[in-house]
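S.K.: The structure follows.
The values are calculated or read from the model by the stated rules, or taken from the named source; none is laboratory data. Just so it is clear, the structure is predicted and the values come from calculations on it, not from any experiment. Cβ atoms come from the backbone with ideal geometry, glycine included; neighbour counts cover every protein chain shown. Heads up: the accessible areas ignore ligands, DNA and RNA and are worked out on the full protein's heavy atoms, side chains in. Shrake-Rupley method; radii C 1.70, N 1.55, O 1.52, S 1.80 Å.
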Amino acid sequence: MTEGNSTAAEQVALDVSGVDELIDRFAALSETHGAEGVTRLGYTPLEREAHQVFATFMSHLGLSVHSDAAGNTIAELPGDGRPDGIGTGSHLDSVPHGGRFDGIVGVVAAMLCAQTLAADDYHPRHPLRFVAFANEEGARFGQACNGSRLAAGTTDAEALGELRDRDGISVLEAMRSVGLDPDRLDEARWRREDWDSFIEMHIEQGSVLADGADDIGLVDTISGSTRLRLTVHGVASHSGGTPMLARHDALVSASAIVLAANDLALDAEHFGTRITIGRIIASPNSMTTIPGEVTLDVDIRDVDTDRQRQTALTLIARAKETAALHDTSLDAHLIADTAPTLLSRRIIELASRETDRLGMVHRVLASGASHDTQQISRVCETGMLFVPSLHHGVSHSPDEFSRAEDIARGVQALTGLLTALDMADEQPAS
Ligand code: GLV
Ligand code: MN
Ligand code: MN
């Protein structure tokens, strides 16, 4: 670090009002207009508007900005001729009725970091790239990290044609509807030789940091996720005419499956496994008809890659048994599967030195949530900084909250880390 870089990093801590202003600006871009949290789903006009806010801000700083066919927006501060960039950023979409911070904090951090470096007339050795990824949340199409998957080459147009939202719109159709061109997705692919490293700042979405009164988290592992759709087949029939013992009620059966899934995650062998059934569709969903079919969308998260996949198989077997006990049948379909990801030790060590230098108390921890960084780790060395989540870590909810001063501290650490990476001579052995 040079004297000048330290100055850049330290100025950011004061910029609490800059944090609030940008968080408010993005929060206003919501289907809900401020009430009931933020709803800004991937590949919608509102998400594109948020990307435009990011692009305009970065252009005003004098950075070159482009949006790719996947909908990712990238702003670049040129380096001294080296090709391999150092990146930072996160996503701008939300879940339905989500919070103001998930993803946004990492993009706001990138904006404030770029602002500080531009104001300080910082001339990087490596190109510094500030990234807003598109459609990170799995809430709309079932699979998370769409924009970063396309950047990393872990999905393609054919696979995206299969994924549909609850209205039957495929990812490709949604992309076209907001002016993106899925026929050019190959152009959104990041090449390894163009990247040195990537750092994402994000809210913790848990309460480890706040409980420990830590300033900042350094992530060593990101949980994997296996997503299943279980469909329970019963027989729809008249709610008055059909005797209780003659029923094949798909919702009664599905309810027992939900409880069995919860029991599975709570048994001693699954300490740390998280199973959620967050979406249920019963049909015909009529008060006077016994449910004939129910779909359950299951999300299994784990930091243990083998256990994650074994849990999915065990759950399918138990769900089949449970369905049969209730005179129904079941089929299971894999929606998405992502392995847990280990982040770079070298970056954790650099970040730990930077946070010590800045007088921040840090903790190394795992992430229960998925992040774009998981995909980008296929391209280059990656790291993540977590800022504390308050309100017991609640997230994907309007109650999600992080303090502006904690976010500003995160921006300070991020700026320090990016400049430290920029000055680091040694490339990692990969
Ligand atoms: C992304 O927010 C996830 O679902 O983990
Ligand atoms: Mn997120
Ligand atoms: Mn999220």
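S.K.: Identify all residues within the stretch 104-144 that are closer than 15 Å to PHE198 by Cα, outside any strand (DSSP E or B), in contact with a Leu (Cβ under 7 Å, 6 or more places away or on another chain) and of a type in the set (Gly, Ala, Ser); write none if there are none.
M.R.: If the condition is that a residue be closer than 15 Å to PHE198 by Cα, outside any strand (DSSP E or B), in contact with a Leu (Cβ under 7 Å, 6 or more places away or on another chain) and of a type in the set (Gly, Ala, Ser), then ALA109, ALA114 are the ones that fit.
S.K.: Filtering the stretch 270-300 down to residues that are in a loop (DSSP other than H, G, I, E, B) and hydroxyl-bearing (Ser, Thr, Tyr), which residue is least open to solvent (accessible area, probe 1.4 Å)?
M.R.: In this case the residue turns out to be THR273.
S.K.: In addition: Considering the stretch 367-403 alone, what residues qualify as being surrounded by fewer than 20 Cβ atoms within 10 Å (Cβ to Cβ) and away from ligand 3 (no atom under 16 Å from the Cβ)?
M.R.: Across the stretch 367-403, the qualifying residues are ARG378, LEU390, HIS392, ARG403.
S.K.: Residues in the stretch 185-205: is at least one assigned to a loop (DSSP other than H, G, I, E, B), within 15 Å of ligand 2 (Cβ to nearest atom) and buried (at least 20 other Cβ atoms within 10 Å of the Cβ)? Give the steps one after another, and end with the answer.
M.R.: Within the stretch 185-205, the subset assigned to a loop (DSSP other than H, G, I, E, B) is 189-191, 204-205.
If we keep only those that are within 15 Å of ligand 2 (Cβ to nearest atom) too, we end up with 204-205.
With the extra rule that they be buried (at least 20 other Cβ atoms within 10 Å of the Cβ), the set shrinks to 204-205.
Scanning the stretch 185-205 turns up at least one residue that is assigned to a loop (DSSP other than H, G, I, E, B), within 15 Å of ligand 2 (Cβ to nearest atom) and buried (at least 20 other Cβ atoms within 10 Å of the Cβ).
S.K.: Right, next: Of ASP215, ASP249, ASP263, ASP267, which residue is under 24 Å from the mean Cα position of the chain (by Cα) and either β-branched (Val, Ile, Thr) or at pLDDT 95 or above (or both)?
M.R.: Working: ASP249 fails: under 24 Å from the mean Cα position of the chain (by Cα); ASP263 fails: under 24 Å from the mean Cα position of the chain (by Cα); ASP267 fails: under 24 Å from the mean Cα position of the chain (by Cα).
Just one listed residue meets the conditions, ASP215.
S.K.: Of everything in the stretch 231-269, what is open to solvent by less than 30 Å² (accessible area, probe 1.4 Å), under 21 Å from GLY142 (Cβ atoms) and among the β-branched types (Val, Ile, Thr)? Give them in sequence order.
M.R.: Listed by number, the residues that qualify are THR231, VAL232, ILE257.
S.K.: Spot the failing condition for ALA70; the list is (1) out of contact with any His (no Cβ under 9 Å at 6 or more places or on another chain); (2) assigned to a loop (DSSP other than H, G, I, E, B); (3) over 24 Å from GLN375 (Cβ atoms); (4) away from ligand 3 (no atom under 16 Å from the Cβ), and only one is missed.
M.R.: Against the list (1) out of contact with any His (no Cβ under 9 Å at 6 or more places or on another chain); (2) assigned to a loop (DSSP other than H, G, I, E, B); (3) over 24 Å from GLN375 (Cβ atoms); (4) away from ligand 3 (no atom under 16 Å from the Cβ), ALA70 comes up short only on (3).
S.K.: Against the condition within 16 Å of ligand 1 (Cβ to nearest atom) and either under 20 Å from GLY217 (Cβ atoms) or in the same structural domain as SER90 (by TED's automatic domain parsing) (or both), how does GLY393 come out, does it pass?
M.R.: Numbers: within 16 Å of ligand 1 (Cβ to nearest atom): yes; either under 20 Å from GLY217 (Cβ atoms) or in the same structural domain as SER90 (by TED's automatic domain parsing) (or both): yes.
Yes, satisfied.
S.K.: How about the stretch 89-126: which of its residues are at positive phi and more than 16 Å from ligand 1 (Cβ to nearest atom)? Talk me through it step by step, then tell me what you get.
M.R.: Step one: filter the stretch 89-126 for residues at positive phi, giving 89, 97, 103, 121.
The one that is at positive phi and more than 16 Å from ligand 1 (Cβ to nearest atom): ASP121.
S.K.: For the stretch 400-418, how many residues meet the condition of being within 16 Å of ligand 2 (Cβ to nearest atom) and in a loop (DSSP other than H, G, I, E, B)?
M.R.: Count: 3.
Let's see how each residue does on (1) in the same structural domain as GLY416 (by TED's automatic domain parsing); (2) closer than 30 Å to HIS391 by Cβ; (3) surrounded by 24 or more Cβ atoms within 10 Å (Cβ to Cβ); (4) within 13 Å of ligand 2 (Cβ to nearest atom):
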residue	(1), (2), (3), (4)
ALA119	yes, no, no, no
HIS123	yes, no, no, no
PHE133	yes, yes, yes, yes
GLY138	yes, yes, no, yes
GLY153	yes, no, no, no
GLU158	yes, no, no, no
ASP167	yes, no, no, no
LEU172	yes, no, no, no
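S.K.: Among the residues that make up the stretch 67-84, is at least one of them free of Cβ contacts under 8 Å to residues at least 12 places away in the same chain, touching a strand residue (DSSP E or B) at 6+ places or on another chain (Cβ under 7 Å), open to solvent by 10 Å² or more (accessible area, probe 1.4 Å) and under 15 Å from ALA50 (Cβ atoms)? It would help to see each step written out before you state the result.
M.R.: Keep residues of the stretch 67-84 that are free of Cβ contacts under 8 Å to residues at least 12 places away in the same chain, which gives 81.
If we keep only those that are touching a strand residue (DSSP E or B) at 6+ places or on another chain (Cβ under 7 Å) as well, we get none.
No, there is no match, as no residue in the stretch 67-84 is free of Cβ contacts under 8 Å to residues at least 12 places away in the same chain, touching a strand residue (DSSP E or B) at 6+ places or on another chain (Cβ under 7 Å), open to solvent by 10 Å² or more (accessible area, probe 1.4 Å) and under 15 Å from ALA50 (Cβ atoms).
S.K.: Against the condition over 30 Å from THR39 (Cβ atoms), crowded, with 17+ Cβ neighbours inside 10 Å and touching a His at 6+ places or on another chain (Cβ under 8 Å), how does ASP327 come out, does it pass?
M.R.: Working: over 30 Å from THR39 (Cβ atoms): yes; crowded, with 17+ Cβ neighbours inside 10 Å: no; touching a His at 6+ places or on another chain (Cβ under 8 Å): yes.
So ASP327 does not fit the description; no.
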